[in-house]
Protein chains: 2
Amino acid sequence: MKSGSRDQKIEGIRRTDESPTGQGSEARADAAYRFLRNAILTNEIPVGFQATEVEIAARLGMSRTPVHEAMARLQEEGFVQILPRRGILVKGLSPSDLLEIYDILIGLEGAAAERLALEGGDGIAEVVQELEGLTKRMELALDAGDMDAWADADEAFHDALVARCGNGRIRRLAATVSGQSHRARRLTLNMRPPPKQSAIEHRDIIQAIAAADPIAAGSAARAHRRRARDQLVPILRRLNFAAL
Amino acid sequence: MKSGSRDQKIEGIRRTDESPTGQGSEARADAAYRFLRNAILTNEIPVGFQATEVEIAARLGMSRTPVHEAMARLQEEGFVQILPRRGILVKGLSPSDLLEIYDILIGLEGAAAERLALEGGDGIAEVVQELEGLTKRMELALDAGDMDAWADADEAFHDALVARCGNGRIRRLAATVSGQSHRARRLTLNMRPPPKQSAIEHRDIIQAIAAADPIAAGSAARAHRRRARDQLVPILRRLNFAAL
DNA sequence: GTACGCCATCTTGCATGCAAGCTTGCGTGC
DNA sequence: GCACGCAAGCTTGCATGCAAGATGGCGTAC
């Protein structure tokens, strides 16, 4: 037997009726990529799920070619593993994988914060306001005990930090890498102590950016992610998650 | 006419006689990727070169399919751009591209140095020795006035830093990103003042790693790359390189 | 002479056909 | 009863065929 969850539904790919070929580029391949990535992130396709290109192609109503390309991308990003002659396996994240991911986020978000503080001046006020608003949302959600809303706001803060730093490459890399830790963060959301500290640390970052102090901004961003790492990784190790 | 350099030779792809399919996976597609990437990095295929998938496939002695996959990867990494209906364009790097790349390297190498210092203990002595050896090579090359050898050793130092940090993801990301700046570094090699400072800064990094001081190690690594950035980018801007 | 519109060609994206290797299950021999 | 060998099937990688859209050139009209 291949796996336990062959019967998982993968229906419902959004066939945007734009150019089937042409400038939109990679219509089907891209659709397959986005659909599968999203399905894995939301656990619609669980870790350990195994299937062949043909099966996935059939479920998605397309041929093997675009699925093949999507799989190559997903493998590069660590979401799946193409097993030699056995099919495609949805991979989980081990605690050490997560450690790697957090170390990268520490570096990238530090760089983003630094860059934001360096740019300074003009558009910064707007960014600061956005970051402040998201931090406020976190606090409100935390007060209300709504951890999902807290996680949404927290994620939005970190997304905004890298998205607004003006460095498109950082944005793309961070999105890819942090996507991989999405499941882990959500799963452990209730195993962690209430994240009261997060908002404070976010404000440290915001302040340094507003003060146009790149060194302090980078330092604050790294310290924040470091603390998250040192909190999250031990929990996973203790739980002895082989993969999640 | 498409471009000026259609007649460039792209012959000579190394057809490793391993399994044409099977476990090695992506034999031809991977070969195409590596060959093209290398050719672009070494300027065998110059910036501005433009061709179609069919032409490249013919030159490489394979069909369009593996070339197509290779191109998708190269585009994601920023080496080429697939123009809607006009073919594939080898992209150059603008000064702001290079700024982005350096900001990322600042972050990633900082994280690598931090991680190395954190691991501490056992295998660190070996890594420290390797880094020290490469730094020595830089000094010797610099004394001999051999800038190419200096650049080789410098590159090896930075490669070793991220490769030995134990984080495979950092290694891969850094390799991809730093590869893109390869041409720029080489081209400006003789436009910069003699890099006497580099060896000193490398030793700062090495010392902090040896002392198991992650904060200092990260800080030193970032400071080193920051200086390189602030030296290189203005040169490119001044030269008004649209792309290189 | 210039500008606009139409047609042909070119290029890519996807579907399908083909080949080859690994895996696995069964049969046989010890 | 167990282990080894063989064969068949399954799965992926690559080649090729097909279709569709955009671009550029050429012809015509003003």
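The values are calculated or read from the model by the stated rules, or taken from the named source; none is laboratory data. These numbers come from a predicted model, not from an experiment. Note that we place each Cβ from the backbone using ideal geometry, even for glycine, and neighbour counts take in every protein chain shown.
Of all residues in region A:114-124, which are at negative phi and touching a residue at least 12 places away in the same chain (Cβ under 8 Å)?
Those that are at negative phi and touching a residue at least 12 places away in the same chain (Cβ under 8 Å): A:E114, A:R115, A:L116, A:A117, A:L118, A:E119, A:I124.
Pick out the one residue from A:R237, A:R137 that is more than 28 Å from B:A220 (Cβ to Cβ) and surrounded by fewer than 17 Cβ atoms within 10 Å (Cβ to Cβ). Lay out the reasoning, then the answer.
Values: A:R137 fails: surrounded by fewer than 17 Cβ atoms within 10 Å (Cβ to Cβ).
Testing whether each residue is more than 28 Å from B:A220 (Cβ to Cβ) and surrounded by fewer than 17 Cβ atoms within 10 Å (Cβ to Cβ) leaves just A:R237.
Applying the selection to region A:160-179, what residues are among the polar types (S, T, N, Q) and crowded, with 23+ Cβ neighbours inside 10 Å? Talk me through it step by step, then tell me what you get.
Start the filter on region A:160-179 by keeping residues that are among the polar types (S, T, N, Q), which leaves A:167, A:176, A:178.
Within region A:160-179, just A:N167 meets the criteria.
Go through region B:211-222 and give me each residue that's surrounded by fewer than 20 Cβ atoms within 10 Å (Cβ to Cβ) and either of a type in the set (V, I, T) or touching a helix residue (DSSP H, G or I) at 6+ places or on another chain (Cβ under 7 Å) (or both).
B:A212, B:D213, B:I215, B:A216
Only one of (1) at pLDDT 95 or above; (2) basic (K, R); (3) in contact with a strand residue (DSSP E or B) (Cβ under 6 Å, 6 or more places away or on another chain) fails for A:R137. Which number is that?
(3)
Of the residues in region A:91-115, how many are away from chain B (no Cβ under 11 Å) and either over 30 Å from A:L60 (Cβ atoms) or among the hydroxyl-bearing types (S, T, Y) (or both)?
2
Can you name every residue in region A:43-58 that is within 27 Å of B:M71 (Cα to Cα) and within 13 Å of DNA strand C (Cβ to nearest atom)?
Residues of region A:43-58 within 27 Å of B:M71 (Cα to Cα): A:51-58.
Across region A:43-58, the qualifying residues are A:T52, A:E53, A:V54, A:I56, A:A57, A:A58.
Which residues, counting only those in region A:41-51, are in contact with a helix residue (DSSP H, G or I) (Cβ under 9 Å, 6 or more places away or on another chain) and within 16 Å of DNA strand D (Cβ to nearest atom)?
Residues satisfying the conditions are A:I45, A:F49, A:A51.
Using beta carbons and a limit of 8 Å, which pairs, at least six apart or on different chains, have the first residue in region A:211-224 and more than 13 Å from A:L108 (Cα to Cα) and the second one not in a helix (DSSP H, G or I)?
A:A212/A:G120; A:A212/A:G121
Name the single residue, out of those in region B:59-90 being buried (at least 20 other Cβ atoms within 10 Å of the Cβ) and away from DNA strand D (no atom under 16 Å from the Cβ), that is farthest from the other protein chains (Cβ to nearest Cβ).
Step by step, filter region B:59-90, then rank; the result is B:V90.
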